[in-house]
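S.K.: Pasting a structure below so you can have a look.
The values are calculated or read from the model by the stated rules, or taken from the named source; none is laboratory data. What you are looking at is a predicted structure, and each value in this text was computed from that prediction instead of being measured. Every residue, glycine as well, gets a Cβ built from its backbone with ideal geometry; the counts of neighbours run over all protein chains shown. Keep in mind that these areas ignore ligands, DNA and RNA; they rest on the heavy atoms of the full protein, side chains included. Shrake-Rupley method; radii C 1.70, N 1.55, O 1.52, S 1.80 Å.
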Amino acid sequence: EPEVTQTPSHQVTQMGQEVILRCVPISNHLYFYWYRQILGQKVEFLVSFYNNEISEKSEIFDDQFSVERPDGSNFTLKIRSTKLEDSAMYFCASREGTVPGGELFFGEGSRLTVL
Amino acid sequence: KQEVTQIPAALSVPEGENLVLNCSFTDSAIYNLQWFRQDPGKGLTSLLLIQSSQREQTSGRLNASLDKSSGRSTLYIAASQPGDSATYLCAVRSRENAGNNRKLIWGLGTSLAVNP
């Protein structure tokens, strides 16, 4: 069964360092998302991406964050200069897009720990 | 602004019991509602998706209902098993956003423990 895959599963970094989280969405999907979940808190929307551009972003998604689809398969989230409060589980999701109310499929997540 | 609440926050039941998890949302203008399962430290597994025009969806021992007008959804788990122990999250896709993106708004989840 097709699935969304994310790497790395866990990354530990020092404050101020750049981090890139990678995702391979399901191959025929058109809409891509990043969400995050700080420990003990609700899952929060970060950004959605369609047709090679950001279609919506939350107030969390400031200038320190960027997304890219460098080739036909990968979808990346970059955090330029990590802060302690960026420590969270980051989830990538994708949606087919042919049906407006389509289901989102999530990856296993990348746990980011900023020291 | 859409808010999603899940009650109870935690639930502990003996194996074999039928149980109901509740999700409520403040704005009935939704596109759909999804129930997810999350094991500790793990990803989000989609369980059921209910479109706004539907009243319920079933998958195996799981049944989810939706009452859009009252802003409620329930997840019914029949004959619970220890393997059902996890956090169950409810998320709604609101119509409040323009365009086709309509991000998911999440509840905090119900932590379920099924005891053998």
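S.K.: I'm trying to understand the selection: among the residues of region A:83-93, which are outside any loop (DSSP other than H, G, I, E, B) and not charged (D, E, K, R)? I'd like the intermediate steps shown before the answer.
M.R.: Applying the first criterion (outside any loop (DSSP other than H, G, I, E, B)) to region A:83-93 yields A:84-86, A:88-93.
Across region A:83-93, the qualifying residues are A:LEU84, A:ALA88, A:MET89, A:TYR90, A:PHE91, A:CYS92, A:ALA93.
S.K.: Of the residues in region B:53-81, how many are in contact (Cβ under 8 Å) with a residue 40 or more places away in the chain, surrounded by fewer than 18 Cβ atoms within 10 Å (Cβ to Cβ) and over 19 Å from B:PRO8 (Cβ atoms)?
M.R.: Counting residues in region B:53-81 that are in contact (Cβ under 8 Å) with a residue 40 or more places away in the chain, surrounded by fewer than 18 Cβ atoms within 10 Å (Cβ to Cβ) and over 19 Å from B:PRO8 (Cβ atoms) gives 3.
S.K.: Right, next: Among the residues of region A:94-115, is there at least one that is over 24 Å from A:GLN17 (Cβ atoms), more than 8 Å from chain B (Cβ to nearest Cβ), modelled with pLDDT of 90 or more and not in a loop (DSSP other than H, G, I, E, B)?
M.R.: Scanning region A:94-115, I find at least one residue that is over 24 Å from A:GLN17 (Cβ atoms), more than 8 Å from chain B (Cβ to nearest Cβ), modelled with pLDDT of 90 or more and not in a loop (DSSP other than H, G, I, E, B), so the answer is yes.
S.K.: Among (1) buried (at least 17 other Cβ atoms within 10 Å of the Cβ); (2) within 14 Å of chain A (Cβ to nearest Cβ), there is one condition B:VAL114 misses while meeting the rest; what is its number?
M.R.: Of the numbered conditions (1) buried (at least 17 other Cβ atoms within 10 Å of the Cβ); (2) within 14 Å of chain A (Cβ to nearest Cβ), the odd one out for B:VAL114 is (2).
S.K.: Restricting to region A:18-61, and then to whatever is touching a Lys or Arg at 6+ places or on another chain (Cβ under 8 Å) and charged (D, E, K, R), can you tell me which residue is nearest to B:TYR88 (Cα to Cα)?
M.R.: Result: A:GLU44.
S.K.: Further question: Among the residues that make up region A:79-89, is at least one of them touching a residue at least 24 places away in the same chain (Cβ under 8 Å), under 20 Å from B:GLN38 (Cα atoms) and in contact with an Asp or Glu (Cβ under 8 Å, 6 or more places away or on another chain)?
M.R.: For region A:79-89, residues touching a residue at least 24 places away in the same chain (Cβ under 8 Å), under 20 Å from B:GLN38 (Cα atoms) and in contact with an Asp or Glu (Cβ under 8 Å, 6 or more places away or on another chain): absent.
S.K.: If you don't mind, there's one more thing I want to ask. Among the residues of region A:56-69, is any modelled with pLDDT under 95 and closer than 30 Å to B:GLN57 by Cα?
M.R.: Among the residues of region A:56-69, at least one is modelled with pLDDT under 95 and closer than 30 Å to B:GLN57 by Cα, which makes the answer yes.
S.K.: In region B:4-17, how many residues are open to solvent by 50 Å² or more (accessible area, probe 1.4 Å) and in contact with a strand residue (DSSP E or B) (Cβ under 7 Å, 6 or more places away or on another chain)? Even if it seems obvious, please write down each step before you answer.
M.R.: Step one: filter region B:4-17 for residues open to solvent by 50 Å² or more (accessible area, probe 1.4 Å), giving B:5, B:7, B:9-10, B:12, B:14-15, B:17.
In the following step, the residues that additionally are in contact with a strand residue (DSSP E or B) (Cβ under 7 Å, 6 or more places away or on another chain) were identified as B:5, B:7, B:9-10, B:12, B:14-15.
Of the residues in region B:4-17, 7 are open to solvent by 50 Å² or more (accessible area, probe 1.4 Å) and in contact with a strand residue (DSSP E or B) (Cβ under 7 Å, 6 or more places away or on another chain).
S.K.: Here's something else I'd like to know. Are any residues in region A:17-73 within 16 Å of A:PHE105 (Cα to Cα), more than 11 Å from the chain's Cα centre (by Cα) and either free of Cβ contacts under 8 Å to residues at least 12 places away in the same chain or away from every other protein chain (no Cβ under 14 Å) (or both), and if so, which ones?
M.R.: The answer is A:SER27, A:ASN28, A:SER73.
S.K.: Please go through region A:78-101 and pick out each residue that is open to solvent by less than 10 Å² (accessible area, probe 1.4 Å), in contact with a Leu (Cβ under 6 Å, 6 or more places away or on another chain), over 13 Å from A:ARG111 (Cα atoms) and not charged (D, E, K, R).
M.R.: The one that is open to solvent by less than 10 Å² (accessible area, probe 1.4 Å), in contact with a Leu (Cβ under 6 Å, 6 or more places away or on another chain), over 13 Å from A:ARG111 (Cα atoms) and not charged (D, E, K, R): A:ALA93.
S.K.: Scan region A:1-49 for residues that are at pLDDT 95 or above and at positive phi and jot them down.
M.R.: A:GLY16
S.K.: If the requirement is being within 16 Å of B:LEU104 (Cα to Cα) and of a type in the set (D, E, K, R), which of these qualifies: A:ARG80, A:ARG36, A:ARG69?
M.R.: When all the criteria are applied, what remains is A:ARG36.
S.K.: Here's something else I'd like to know. When region B:21-52 is examined, which residues are found to be over 30 Å from A:THR7 (Cβ atoms) and open to solvent by 70 Å² or more (accessible area, probe 1.4 Å)?
M.R.: Residue satisfying the conditions is B:THR26 alone.
S.K.: Let me ask another. Of everything in region A:8-39 that's hydroxyl-bearing (Ser, Thr, Tyr) and not in a loop (DSSP other than H, G, I, E, B), which residue is farthest from A:THR76 (Cα to Cα)? Walk me through how you get there before you give the answer.
M.R.: Of the residues in region A:8-39, the ones hydroxyl-bearing (Ser, Thr, Tyr) are A:9, A:13, A:27, A:31, A:33, A:35.
With the extra rule that they be not in a loop (DSSP other than H, G, I, E, B), the set shrinks to A:13, A:31, A:33, A:35.
Values: A:THR13: 17, A:TYR31: 13, A:TYR33: 10, A:TYR35: 12 Å.
So the residue we want is A:THR13.
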